[in-house]
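Let me begin by presenting the structure, written as structure tokens, before commenting on it.
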């Protein structure tokens, strides 16, 4: 199951970088923004070890956590969603899937608005 989660996370991160490249003129802008989106949660979570709730939640639900599968299945974590406990791995995949659907809609809208010469 972990291999499928890694592929899912990498594909969804690739979609995000594609969305960035649709709306930018320079090829370096998606490279640096994608690197920041992937690297900042690692920096905040692993290096700075920030434990505040306002900083921990975006780190917990980032593309980095989907690709780094070891924390998903090694520890038991559950979140309370509308009064029901949901496992962290399932909730993270649902959040990333819904974010990927929004990114796909943005990619479609970006390509649709371009003119073909």
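All of the numbers you see were taken from the coordinates with simple rules; none came from a lab. It should be emphasised that the depicted structure is a prediction, and the values quoted were computed from it without experimental measurement. Please note: Cβ atoms are built from the backbone with ideal geometry, for glycine as well, and neighbour counts cover all protein chains shown.
Here are some notes:
- Relative exposure of 32, 82, judged by other C-beta atoms within 10 Å (fewest first): 82, 32
- Placing a pseudo-label 7 Å from each Cα along the Cα-to-Cβ vector at residue 10 and residue 95 gives an inter-label distance of 2.3 nm.
- Rounded if a/c under 1.5, otherwise prolate or oblate - segment 1-63, Cα gyration tensor axes: oblate
- The peptide list 60-69, 14-23, 96-105, put in order of mean Cβ contacts within 10 Å with the highest first, becomes 60-69, 14-23, 96-105.
- Cβ-Cβ FRET estimate between residue 38 and residue 84, R0 fixed at 30 Å, reported to 0.05: 0.45
- Between segment 2-35 and segment 61-97, the Cα center-to-center distance that results, in Å: 20
- Acute angle (nearest 10 degrees) that the helix 88-112 long axis makes with the longest principal axis of the chain, alpha-carbon atoms: 10
- Scattering from the chain was approximated by placing one identical point on each alpha carbon and applying the Debye formula without solvent; log10 I(q)/I(0) at 0.12 1/Å stands at -0.50.
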